[in-house]
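Participant: A single structure is presented below for examination.
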């Protein structure tokens with residue numbers, strides 16, 4: 001039995017914490033290990049800064065086998081990681097976003113010691129190939145660890161059938177970054193709606209600006225949530241998607257993103273259409289388990305192809321289910337995490 005503690009400066013509601021910390025932690029417990037997730041909240045608030053320091057005090061007292069630092073990489077982490085290593089506690093640094101490209105003032109504080117912490121860690125796990133390449137500039141022991149999908153939660157819907165109105169769906173938090181991605185769909189959907197009956201269903205935690213952007217369209221737009229969407233609600237909310245979409249702008253931050261949205265659609269047998277950016281290119285085998293697109297014309301062409309062909313939606317959806325089971329399921333990713341740790345012993 002091993003003791004594994006996760007530390008993050010997010011919260012338990014943060015998507016990456018729930019997927020890359022809480023889900024793996026709970027699965028480790030099922031396998032007979034001891035594991036906890038500690039979150040302090042964003043570090044640039046004074047009380048959270050204190051909380052973060054107190055988490056380390058507690059962890060040092062308990063002396064676990066492994067501490068996983070998820071994304072947090074501030075000055076406290078930098079000094080405390082040295083103390084952990086002196087106590088022979090293995091440290092794994094984990095991240096799933098291109099933090100090194102974020103230039104917002106608060107985030108500069110939160111990730112101020114990113115490169116130094118990557119260098120000091122016994123190993124690094126990264127959620128995309130782009131992040132793996134970055135981390136290997138500072139540490140040799142860098143491993144690709146995909147963001148897992150809980151197959152017990154995201155189950156096939158068997159919902160693909162002939163329909164009068166096709167539901168094209170998107171899942172996300174609706175912040176300004178993601179609003180940029182959504183805007184990429186406006187022209188393709190407008191053109192498709194001229195000849196097809198479609199509904200665009202948006203499941204978003206911050207949908208105020210998104211609602212403003214998608215009003216007065218020539219197709220129905222449906223919103224699932226206005227606030228944070230609990231993880232266990234998501235499968236039900238996306239179960240009526242006929243096609244799942246994941247648009248991304250081709251920029252340095254997007255290249256570092258995981259393909260989590262696409263994988264959740266795929267686990268439920270929903271055929272996916274995604275931008276050919278970053279990790280999407282590694283997850284999707286074009287025309288087999290999904291479709292990769294790069295411009296407006298390709299969005300229109302592929303979406304219309306899926307709208308017309310119910311059987312194609314079934315085949316693509318079925319292949320997506322198998323892809324997730326084989327490479328991205330929670331059990332597969334948890335076992336890979338344990339293999340990485342055993343390699344450090």
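Participant: Using per-residue counts of other Cβ atoms within 10 Å, averaged over each peptide, order 234-240, 280-286 from highest down. Present the calculation step by step, with values, prior to reporting the outcome.
Facilitator: Working: 234-240: 16.7, 280-286: 18.4.
Descending packing order for the listed peptides: 280-286, 234-240.
Participant: Here's something else I'd like to know. I'd like to compare 157-164, 118-125, 267-274: which one has the highest average count of other Cβ atoms within 10 Å, and what's the full order after that?
Facilitator: Final packing ranking: 267-274, 118-125, 157-164.
Participant: Over segment 166-327, with a single point scatterer placed on each C-alpha, what log10 of the ratio I(q)/I(0) does the Debye formula yield at q = 0.11, 0.15, 0.20 1/Å?
Facilitator: Relative scattering, expressed as log10 I(q)/I(0), comes to -0.38, -0.75, -1.45.
Participant: Still on this structure, please answer the following. Given axes a ≥ b ≥ c from the Cα gyration tensor, I'd like to know whether segment 139-183 is rounded (a/c under 1.5), prolate (a/b larger than b/c) or oblate. Could the numbers behind the result be given before it?
Facilitator: On the way: a/c = 3.36, a/b = 1.43, b/c = 2.35.
Since a/c reaches 1.5 but b/c is at least a/b, the shape of segment 139-183 is classed as oblate.
Participant: Can you tell me the length gained on complete extension of the stretch residue 345 to residue 232, counting 0.36 nm per residue apart and subtracting the Cα distance?
Facilitator: In short, 37.1 nm is gained.
Participant: To continue, here is another question. Provide the gained length on full extension for the span residue 86 to residue 194, in nm with one decimal, where the gain is 0.36 nm per separating residue minus the Cα-Cα distance.
Facilitator: 32.3 nm
Participant: Kindly rank 298-304, 132-138 from highest to lowest mean number of other beta carbons found within 10 Å of each residue.
Facilitator: 298-304, 132-138
Participant: Could you check the spin-label model distance between residue 101 and residue 211? Points 7 Å from the Cα along Cα→Cβ, value in nm.
Facilitator: Between residue 101 and residue 211, the simple spin-label model gives 3.1 nm.
Participant: Counting just the Cα atoms, what span does segment 8-86 cover along each of its three principal axes? Round to the nearest Å and put the largest first.
Facilitator: 35, 31, 16
Participant: Which distance in Å, rounded to a whole number, links the C-alpha centroids of segment 118-148 and segment 314-345?
Facilitator: 17
Participant: Continuing with the same structure: Quick one: grab Rg to one decimal and Dmax as a whole number for segment 261-345, Cα atoms only, in Å.
Facilitator: 15.2, 54
Participant: For segment 251-300, take N as its residue count and report Rg(C-alpha) divided by 2.2 N^0.38 Å.
Facilitator: Ratio of Rg to 2.2 N^0.38 Å for segment 251-300: 1.08.
Participant: Then there's this: What whole-number distance in Å separates the alpha-carbon centres of segment 23-83 and segment 216-258?
Facilitator: Between the Cα centre of segment 23-83 and that of segment 216-258, the gap is 30 Å.
Participant: Now a separate question. Can you give the extra length, in nm with one decimal, that the chain gains between residue 13 and residue 288 once fully stretched, where that is 0.36 nm per residue apart less the Cα-Cα distance?
Facilitator: Stretched out fully, the residue 13 to residue 288 stretch lengthens by 95.6 nm.
Participant: Expressed as a rounded percentage, what relative contact order does the chain have, with Cα pairs under 8 Å and six or more residues apart?
Facilitator: Result for the chain is 16 percent.
Participant: For segment 105-179, what is the convex hull volume of its Cα atoms per residue in Å³?
Facilitator: On the way: hull volume 12.4 nm³, N = 75.
Convex hull volume per residue, Cα atoms: 166 Å³.
Participant: Quick one: give the max-minus-min coordinate of the C-alpha atoms of the chain along each principal axis, largest first, in Å.
Facilitator: 66, 39, 34
Values in this text are rule-based calculations from the coordinates and carry no lab data. Source: prediction; values computed, not measured. Because the Cβ atoms are built from the backbone with ideal geometry, glycine has one as well, and the counts that use them run over all protein chains shown.
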